[in-house]
Each structure stands twice: as C-alpha cells, then as structure tokens.
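First the structure, in the form of structure tokens, and then the observations on it.
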Amino acid sequence: MKAAIIKKYGDVNELEVTDIDKPAIKADEVLVENKSTSINPIDYKARQGLLQSMFPWQFPVVLGWDLAGKIVATGDQVIDFKVGDEVFARPDIDVKGINGAYAEYTAVKADKLALKPENISFEEAAAVPLAGLTALQMLRQLNLVAGQKILIQAGAGGVGIYAIQLAKKMGAFVATTASPNNHELVKSLGADLVIDYHKTPIQKILSNYDAVLDTVGDIEHGIDVLKSGGHFVTISSTLTDAQKQITDKHVMTGWLKPNGQDLAILADAISSNQLKIVIDSVYPFTTKGIRSAHERSETHHSRGKVIVKIKD
Ligand SMILES: NC(=O)c1ccc[n+]([C@@H]2O[C@H](COP(=O)([O-])OP(=O)(O)OC[C@H]3O[C@@H](n4cnc5c(N)ncnc54)[C@H](OP(=O)(O)O)[C@@H]3O)[C@@H](O)[C@H]2O)c1
C-alpha cells in the first residue's frame, strides 16, 4: 500500500510517499481503508524529532493521527463495528512506527472509532478527531458550565474552531484571539469577544475569567486573566515550578486521551448541525502534497484544518 513515511527526523523533505506492507490487524482492531487524513501541529513536531521521549518509534515511521475511511476487515473480538462501516478515529501510532494515518490502510483499535456522520464528507470527517476530542476534553478538564466566561486562545486554529462552538453550546461567554482576517470566522462560530492579539495583549482587556484554554503557550497572561478559583489549562507548553505551585487558581496541563465514546459525542453534534467543520486546505496524497500540507501547518496560521485526501 501507499504510505507517507519518514526514515529519520528532520524537515519536510524527510516525508516521502512510498510502498509499504499493509498492516495486519489484531483481534481488537479493524482495518480502515483511509479516504482522508489531516495534519496537526504534533505531526511536524514529531517529524522534527521533538517528541522522541514520548514516542520511541522504530523507523520508518508512518505519521498521522486523524483518519476517516471505510472498514475493510475486523478482528475476532470486534463487535461494535462491521465491514463497510464509514468511520473516523484518532489512531495510535505503534512503537514499530506503523499504524499512522498517512497511509491507504491503518489498523485501529475498535475503542478508538466512531461512525462518521452521514452529513459530512471524508475530508471533513478527517478534520475532527484529534482537534475536536482535544477541545471537548479540555473544556471538561476546565469544569466549564453555563454562564461562565472562557478565553479560548487561537480561535481560528484546529482546536480553537471546535472549542469555541462547544463552549457556546454549553452556554458560556467566549472570548478568543485571532488575526483580523479571521475575526468574521470566529464570530460566525459563536465567539462573543474577539481580540486581535497582534495589537492588544489579553490581560489589557480581560479579567475575572472562569476559564482559559491556552493553545499558544501564553501561560503567564492566561493565569493573570483568571478570577480566584478559576481554571487554566495549557495544551501547548509546560508549566514552571512556580506556576505548578499556584494555589488560588487551578493551573494544569492537558493531554488528549483518544476514545470512540467522546468521538461519538462530537459525531452527534455534527449530525445535528451543532458543530461546524472549517477546512483550511486540501492536499493530494503525494510526496509533494504531504510536504506542502506540513509546510502549511507549520506557518501557525492555518484557518481551521489542513487535510490530505488519500482516495476518492
Ligand atoms: N496536548 C494535547 O493533547 C494537544 C492536542 C491538540 C493540539 N495541541 C497543541 O495545541 C496547539 C494548537 O493546536 P492547533 O491544532 O489548534 O494549531 P493550529 O491549527 O496550527 O493553530 C493555528 C492558529 O493559531 C493561531 N495563532 C498563531 N499564533 C498565535 C498567537 N500568538 N496567539 C493567538 N493565536 C495564534 C493562528 O491564528 P491567526 O492566523 O488568526 O493569527 C492560526 O489560526 C499546538 O501547539 C498543538 O501541538 C496539543
């Protein structure tokens, strides 16, 4: 099968579409014929070798943590899904470097899958798992409830687009940061207050917030805008010892835990038109296409999700 691999860590030129063996499935896995995948910042961080302590992979590595496609085989223990189901997932890349989503086929644990909503395309479905699950789980970690005020950094980013909509759905007041060209977009997703972070530091206009979802590493200022007892989570940086010791506010790091049940919650919201998907761009599944998709993500200014279309 065709897969995009890296043989060592490095820049985009390490990415190459080539032929490798189709993965075998275990009893609790299904084989998905992928139609689309998407790029997340973790992809280029992993490609650059920045996550080696977390992922001690053997080379070559098939990257990619988002997939949408059709099940073509199921393991003996799989009861909730069948051949022919259209699904999406945030799969786990194996220590052997296999089972990433930049491939025509991926073996995925059944508990990571959810049925793809029928009202969206495979490109749109591939835009959801990693970023959507992160948004859902971080709002939960922040204990967000109706009537509270939350700051969501980078509203036009992959996580931000979902976090804004899910926070609004929960009844929160949402402030977000974005460049001027994205203000209309984030308002259309429900943001109540939009800050051009190039001109106005968040701490100049926000105070007494209940929650902050930090996606950009602006930790000190994010903590500043919280009220006493408020909740802060960063998904893009680490806390200093002093920040870990803050006692009058809940200051945390957050890490996505992929699972099919939460993905099914997102699927329901999409099916009932309560969650929109924003696509920045779609690239072909070629060496040039996958390299360009990484380059686009690495600008830090993609608007929504960067997609790679694997197959019609
Ligand atoms: N811990 C976890 O489990 C987890 C899960 C998912 C993601 N992450 C991390 O979270 C971060 C965000 O991920 P993502 O997928 O949302 O990234 P993304 O899609 O690449 O984010 C792009 C957006 O970031 C905005 N942006 C860039 N610099 C900014 C700044 N200084 N202030 C405010 N906005 C800024 C840009 O907005 P404008 O163009 O409008 O400026 C752009 O729309 C990444 O570091 C990623 O690795 C962690």
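The values are calculated or read from the model by the stated rules, or taken from the named source; none is laboratory data. Model, not experiment: these values are computed from the prediction. Glycine gets a Cβ as well: all are built from the backbone with ideal geometry, and neighbour counts include every protein chain shown. All accessible areas refer to the heavy atoms of the entire protein, side chains included, with ligands and DNA or RNA removed. Shrake-Rupley method; radii C 1.70, N 1.55, O 1.52, S 1.80 Å.
Figures for the structure shown
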| quantity | calculated |
| --- | --- |
| Estimated dipole of the chain in Debye, rounded to 20 [Cβ of Lys and Arg +1, of Asp and Glu -1, Cα centre] | 300 debye |
| Within a Gaussian network of the chain (alpha carbon springs, distance under 10 Å), most fluctuating of His294, His198, His221 | His198 |
| Highest-MSF residue in the chain out of Ala167, Ala156, Ala24 [GNM, Cα springs under 10 Å] | Ala24 |
| Hydrodynamic radius (Kirkwood) for the chain, which is based on Cα pairs only, to one decimal in Å | 19.8 Å |
| Percent accessible area from carbon and sulfur atoms, the chain, protein chains only, probe 1.4 Å | 49 percent |
| Difference of contour (0.36 nm per residue) and Cα-Cα distance, Val72 to Lys227 | 50.7 nm |
| Among Gly155, Gly230, Gly84: highest mean-square fluctuation, GNM of the chain, C-alpha pairs under 10 Å | Gly84 |
| Greater than 31 Å apart at Cα, pairs in Lys276/Lys309; Lys204/Lys309; Lys109/Lys249; Lys116/Lys199 | Lys204/Lys309; Lys109/Lys249; Lys116/Lys199 |
| Computed label-point distance, nm, for sites Ser237 and Glu295 using a 7 Å Cα→Cβ extension | 2.9 nm |
| Prolate/oblate/rounded label for the stretch 218-301 (Cα gyration tensor, a/c 1.5) | oblate |
| Highest to lowest packing among 25-36, 263-274, scored as the average C-beta count within 10 Å | 25-36, 263-274 |
| Additional length obtainable on full extension of the chain from Lys22 to Thr286, 0.36 nm per residue less Cα span | 93.3 nm |
| Proximal lysine pairs, the stretch 25-92, alpha carbons under 22 Å, eight or more residues apart or interchain | 6 |
| Cα convex hull of the stretch 131-253 - mean projected area over all directions, nm² | 6.5 nm² |
| Residues Asp111 and Gln52, FRET efficiency given R0 of 30 Å [Cβ-Cβ distance, rounded to 0.05] | 0.65 |
| Hz values of 3J(HN,Hα) by residue in the stretch 197-208 - Karplus curve (6.51, -1.76, 1.60), Gly and Pro given as x | 5, 5, 9, 10, x, 4, 5, 6, 10, 10, 7, 6 |
| Among Gly75, Val212, Ser297 the positive-end extreme of the charge dipole of the chain (Cβ point charges) | Val212 |
| Size descriptor, Kirkwood hydrodynamic radius, that averages inverse alpha-carbon separations across the stretch 1-135, Å | 14.8 Å |
